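Quick note: the coordinates plus some simple rules give every number you see, no bench work behind them. Keep in mind that what you see is a predicted model, and the values were worked out from it rather than measured. Backbone-built Cβ (ideal geometry, glycine too); neighbour counts: all protein chains shown.
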2 protein chains.
Amino acid sequence: MTHEETFVTTTCPVARTVDLLGDRWMLMIIRDAFDGMSRFSDFQKSTGVAKNVLAARLKMLLEAGIFSQAPANEGGAYKAYHLTEKGKSLLPLIVSLRQWGEEHLFQEGESVSRLVDAAHQPVARLRVTDRNGNVLTPEQLQRISGISSYGDKS
Amino acid sequence: MTHEETFVTTTCPVARTVDLLGDRWMLMIIRDAFDGMSRFSDFQKSTGVAKNVLAARLKMLLEAGIFSQAPANEGGAYKAYHLTEKGKSLLPLIVSLRQWGEEHLFQEGESVSRLVDAAHQPVARLRVTDRNGNVLTPEQLQRISGISSYGDKS
């Protein structure tokens, strides 16, 4: 399953998203953007990724319409990267990564960062529900194929 | 940021989860497990991944406690892989990948698979909310550090 084959032929939206974003650098850069980072040097420092790899990932994020680019200061030479609306709609993905890690990858008493709202309360746990708000378990779900897409709203 | 450094030193749960699962094969195998697959040969066929890579990923998923292993049939030689409760708690992650892909990576009219409940209704859109159910935007959120973890509940 090469990049091209996956993206073009699969009818599975999980596969298409994983094909685009299933890379630790992409996900860490997007996390940093949600934390307010916008400069190449800040992403580089935060992730420790090699500069050529970071440049390639930022290019992919721009091409995918997840980031947009603007001068960091009026008349300045530095370019800043910002999440577009399409990029901001990745918030549930980043929060789901965060919440699973919080729950399963920390020992009691270990220091952990948390995402809080304006009242300094942690965000609610993401739950998969039906349209009436009833929590659904994996056993209650099935994947069906051959549905016609509503189209790209980006 | 090597695998070991990230996992041991970061206080960010997003980073720890990405370090473990931020790999397209891991995510595709977990997706397939949610679709009911349990055999090596089925994962191999579905993803097209090389057998040695698949074997390594399945070993990581077992070691991480995301999969457990049992004989596929009573007295049979084949081993089946099943999601543990820790694995099943990845459902919001898989659904968030799916929903973002559905919304942004398909053209109108393209064939797409969908996840439906027992009544054949699509699952509700995942939303990041506060504890009262109010939807939160990225701008309303901040990351704070140095909180003590409640511990690994896996």
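Quick rundown of the values:
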{"item": "Choice from A:Ser111, A:Ser38, A:Ser68 showing the highest fluctuation, given a GNM over chain A with Cα pairs closer than 10 Å", "result": "A:Ser111"}
{"item": "Two-site label geometry, A:Leu62 and A:His120: point separation in nm, points 7 Å out along Cα→Cβ", "result": "4.0 nm"}
{"item": "Residue-averaged [θ]222 nm for the protein assembly as shown, counting only DSSP H segments that reach four residues, each worth -39500 (n - 2.57)", "result": "-12500 deg cm²/dmol"}
{"item": "Exposed GluC sites (Glu not before Pro) absent - longest run of chain B, DSSP non-H/G/I/E/B, at most 10 other C-beta within 10 Å", "result": "B:1-73"}
{"item": "Label point 7 Å beyond Cα along the C-beta direction, distances from B:Ala119 to other copies (nm, shortest first)", "result": "3.0"}
{"item": "Value of relative contact order over chain A, rounded to a whole percent, pairs C-alpha under 8 Å and six or more apart", "result": "14 percent"}
{"item": "³J(HN,Hα), Karplus 6.51/-1.76/1.60, whole Hz, each residue of segment B:68-75, x for Gly, Pro", "result": "10, 10, 8, x, 5, 10, 4, x"}
{"item": "Mean Cβ count within 10 Å, highest first, over the residues of peptides A:123-131, B:129-137", "result": "A:123-131, B:129-137"}
{"item": "Shortest-first nm distances, A:Lys59 label point to equivalent points in other copies (7 Å, Cα→Cβ)", "result": "3.5"}
{"item": "Exceeding the 30 Å Cα-Cα cut-off - candidates A:Lys51/A:Lys86; A:Lys88/B:Lys59; B:Lys45/B:Lys88; A:Lys59/B:Lys51; A:Lys59/B:Lys86; A:Lys88/B:Lys86", "result": "A:Lys88/B:Lys59; A:Lys59/B:Lys51; A:Lys59/B:Lys86"}
{"item": "Nm distances between copies for B:Lys45, ranked from closest, using label points 7 Å along Cα→Cβ", "result": "5.2"}
{"item": "Space enclosed by the convex hull of the alpha-carbon atoms of the protein assembly as shown, per residue, Å³", "result": "150 Å³"}
{"item": "Stretch gain in nm, segment A:Ala50-A:Lys88, where the contour uses 0.36 nm per residue and the Cα spacing is subtracted", "result": "11.2 nm"}
{"item": "Cβ-derived FRET efficiency at R0 45 Å, A:Ser111 paired with B:Glu74, nearest 0.05", "result": "0.45"}
{"item": "Cα centroid of segment A:48-71 to Cα centroid of segment B:69-107, whole Å", "result": "30 Å"}
